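*Asks:* Shown below is the structure under consideration.
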Amino acid sequence: MARHIAIEGYKWWRSGVIYQIYPRSFADSSGDGIGDLRGITQRLDVLVDLGVDALWLSPFYTSPQKDAGYDVADYCDVDPLFGTLADFDELMKTAHLKNLRVMIDLVPNHTSDQHRWFQDALNSKPGSKEREYYHFKNGLGDNGELPPNNWLSMFGGPAWTRCEDGQWFLHLFDSSQPDLNWENPLVRSEFEAILRFWLDRGVDGFRVDQPHAMAKAAGLPDHPYVDEAGAGFIEGREAPPMWFQDSVHEIFRDWRKILESYPGQRAMCGEAYVLPLSLMALWVRPDEFHQTFNFRFLDAGWNEAAITSAIDESFEAFDSVGAPSTWVLNNHDVMRHVSRFGGNYGRATASDGIGINDPQPDNETGLAIAKGATLFMLGLPGASYLYQGEELGLPDHTTLEDEYRQDPTFLRTNGKRLGRDGSRVPLPWEKGNQSNGFSETGASWLPQPSSYKALSRDQQLNVADSTLEFYKAALRLRNELKLGEGSFDWVNQGELLSYKNGETLIIHNFSDIPKRLPAGRLLLASAELFEGLLPAHASCYLKV
Ligand code: NOJ
């Protein structure tokens, strides 16, 4: 049973609440149906009012948008869809004036095929220094007509595409996202310059995309158990040659030194999908990432046994190297927790999405569980990540028509896997036009489901029992009680799961029936108590 002792010395990234902005779906100031940087700047007060400490912006860089911006064609410029560098500077300035820190997304595993480096490589000969930026290889078979190895793309299909002169290039994601060759010192120095470019502009840190894929085993050998694991890995088995190779760590040590050479507390969060967490601990040693996402917690589903062991494993692993644990229930790659918990969808379904022909989630029960889960999560010491729109209790768009889908997963699997568009739908701000205030024109790159109208922010603001006011109250309390910087001790394991953080007792009712609470003063509950009983799926904070 894990315990956690509060760590001395405040550092924002150890305890902050970091709010993920998915720029294309946050707020559209230009009316073209795609969110933009000005839209974010104009709405920053809302995030101050919500009570978060920092923002993480998903990519806004120059990009053909084949994977919603995770295909970068220029790391040091803003895509015209989202605005200009001047708009970015304005956003930074305004956020800092409002005491909001800003982390940006860095995508170092792959570029867009439209990036100058890749275009130069295509226009150069096999064996040239330009090709050394990427993984170009000759194929197998008599005429090189077979891919160089058996690796698969995370988005479906092979991880290799052949170019005109017969060589193949590697892409662990879409064929428009060629993987960079991190053995090449030039790639390393290019990225060091990119880090400095944004640090000089004042960013407080980076969320680093797919860091566990950056280093590949020498010679790119076959995936030893591809038939069982597909493009991925199986926890407890040997690391396949494209995932969490040891040589990756020195890259992050170099980056950490760069961050620490800047004033203020700059931080890096790795989107490292590394399990078990005891292995992940290696990624957050004091001279590497400041923190990594806790996918063990996100993937656990919402059941007592899995959540208990995810929390135990997290504190054991991260405390062993003095790093904060992070906690997260939502992001742009999985179904929103309202729908996920409303249908008990496992991880695979959650990132593949569901559609009109699938059994639909019960979003009412889902919302009750989601609010309980969020309150329980926000009591845990460490940094917590929220994803835009969860404060409105938004469900996924689970009946999105296929004609709107843009996720490359959908396109690469001929619709077999629907993908992640359902969690990326533009936010409803003010009930009214077709996109409920997302843009003045009503345009939006994905249509909202009809349920979003009543969930619009203006419909919830100052409404006592709304999800929005509940999130605000929870963040206010977390801040007042310094729960993010606090301690952790289990009090009760079982259906009424509870832990103590300082003088606060945090309880979740995993049973199907209302439960009597222990003594203490009620500070906040995710659902109204009835005759002193905590309803099923609800959480509460008690002062003890
Ligand atoms: C993880 C990002 O969160 C996801 O959206 C993206 O598709 C992949 N990395 C590839 O960059």
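*Asks:* Does at least one position in segment 130-142 carry a residue that is within 16 Å of the ligand (Cβ to nearest atom), touching a helix residue (DSSP H, G or I) at 6+ places or on another chain (Cβ under 7 Å) and open to solvent by less than 10 Å² (accessible area, probe 1.4 Å)?
*Replies:* Yes, segment 130-142 contains at least one residue that is within 16 Å of the ligand (Cβ to nearest atom), touching a helix residue (DSSP H, G or I) at 6+ places or on another chain (Cβ under 7 Å) and open to solvent by less than 10 Å² (accessible area, probe 1.4 Å).
*Asks:* Out of the residues in segment 55-111 that are within 19 Å of Gly264 (Cα to Cα) and of a type in the set (S, T, N, Q), which is most open to solvent (accessible area, probe 1.4 Å)?
*Replies:* Asn99
*Asks:* Going through Glu364, Glu391 one at a time, which residue ends up being at pLDDT 95 or above and open to solvent by 20 Å² or more (accessible area, probe 1.4 Å)?
*Replies:* Checking each option against the conditions leaves just Glu364.
*Asks:* Which number in (1) away from the ligand (no atom under 16 Å from the Cβ); (2) polar (S, T, N, Q); (3) in contact with a Ser or Thr (Cβ under 9 Å, 6 or more places away or on another chain) marks the one condition that Thr308 misses?
*Replies:* Just one mismatch for Thr308, condition (3).
*Asks:* Scanning segment 488-515 for residues that are in a loop (DSSP other than H, G, I, E, B) and among the charged types (D, E, K, R), which turns out modelled with the highest pLDDT?
*Replies:* Step one: list which residues in segment 488-515 are in a loop (DSSP other than H, G, I, E, B), which gives 493-495, 502-503, 510-514.
Remaining after also requiring among the charged types (D, E, K, R): 495, 503, 512.
Values: Glu495: 94, Glu503: 97, Asp512: 94.
That would be Glu503.
*Asks:* Six or more apart or on different chains, Cβ atoms under 7 Å: show the pairs whose first residue is in segment 151-166 and in contact (Cβ under 8 Å) with a residue 12 or more places away in the chain and open to solvent by 40 Å² or more (accessible area, probe 1.4 Å) and whose second is assigned to a loop (DSSP other than H, G, I, E, B) and away from the ligand (no atom under 16 Å from the Cβ).
*Replies:* Close Cβ pairs (under 7 Å, with a partner that is assigned to a loop (DSSP other than H, G, I, E, B) and away from the ligand (no atom under 16 Å from the Cβ)) amount to Arg162/Gly139; Asp165/Pro126.
*Asks:* Further question: If Asp200 passes every condition in (1) within 21 Å of Asp74 (Cβ to Cβ); (2) acidic (Asp, Glu); (3) open to solvent by less than 70 Å² (accessible area, probe 1.4 Å) but one, which one does it miss?
*Replies:* (3)
*Asks:* Out of Ser29, Ser112, which single residue is within 23 Å of Pro211 (Cβ to Cβ) and of a type in the set (Ser, Thr, Tyr)?
*Replies:* Ser112
One line per residue, one yes/no per condition, for (1) open to solvent by 40 Å² or more (accessible area, probe 1.4 Å); (2) under 25 Å from Leu50 (Cα atoms); (3) assigned to a loop (DSSP other than H, G, I, E, B); (4) free of Cβ contacts under 8 Å to residues at least 12 places away in the same chain:
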residue: Thr399; (1), (2), (3), (4): yes, no, yes, no
residue: Gly415; (1), (2), (3), (4): no, no, yes, no
residue: Leu418; (1), (2), (3), (4): no, no, yes, no
residue: Trp429; (1), (2), (3), (4): no, yes, yes, no
residue: Ala443; (1), (2), (3), (4): no, no, yes, no
residue: Ala454; (1), (2), (3), (4): yes, yes, no, no
residue: Asn462; (1), (2), (3), (4): yes, yes, yes, yes
residue: Ala473; (1), (2), (3), (4): no, yes, no, no
residue: Gly486; (1), (2), (3), (4): no, yes, yes, no
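*Asks:* Okay, next question. Restricting to segment 210-234, give me the number of residues that are touching a Leu at 6+ places or on another chain (Cβ under 6 Å) and either open to solvent by less than 10 Å² (accessible area, probe 1.4 Å) or at pLDDT below 95 (or both).
*Replies:* Of the residues in that region, 1 qualify.
*Asks:* Okay, next question. Could you grab me the full set of residues in segment 338-389 that are of a type in the set (D, E, K, R) and under 17 Å from the mean Cα position of the chain (by Cα)?
*Replies:* Passing the criteria: Arg340, Arg347, Asp352.
*Asks:* Out of Ser176, Ser189, I need the residue that is modelled with pLDDT of 95 or more and either acidic (Asp, Glu) or within 16 Å of the ligand (Cβ to nearest atom) (or both). Which one? Walk me through it before giving the result.
*Replies:* Values: Ser189 fails: either acidic (Asp, Glu) or within 16 Å of the ligand (Cβ to nearest atom) (or both).
Exactly one of Ser176, Ser189 is modelled with pLDDT of 95 or more and either acidic (Asp, Glu) or within 16 Å of the ligand (Cβ to nearest atom) (or both), namely Ser176.
The values are calculated or read from the model by the stated rules, or taken from the named source; none is laboratory data. Computed from a predicted model, the values in this text were never measured in an experiment. So basically every Cβ, Gly included, is an ideal-geometry build from the backbone, and we count neighbours across all protein chains shown. For the accessible areas, the whole protein counts, side chains as well, though only heavy atoms, and no ligand, DNA or RNA atoms are used. Shrake-Rupley method; radii C 1.70, N 1.55, O 1.52, S 1.80 Å.
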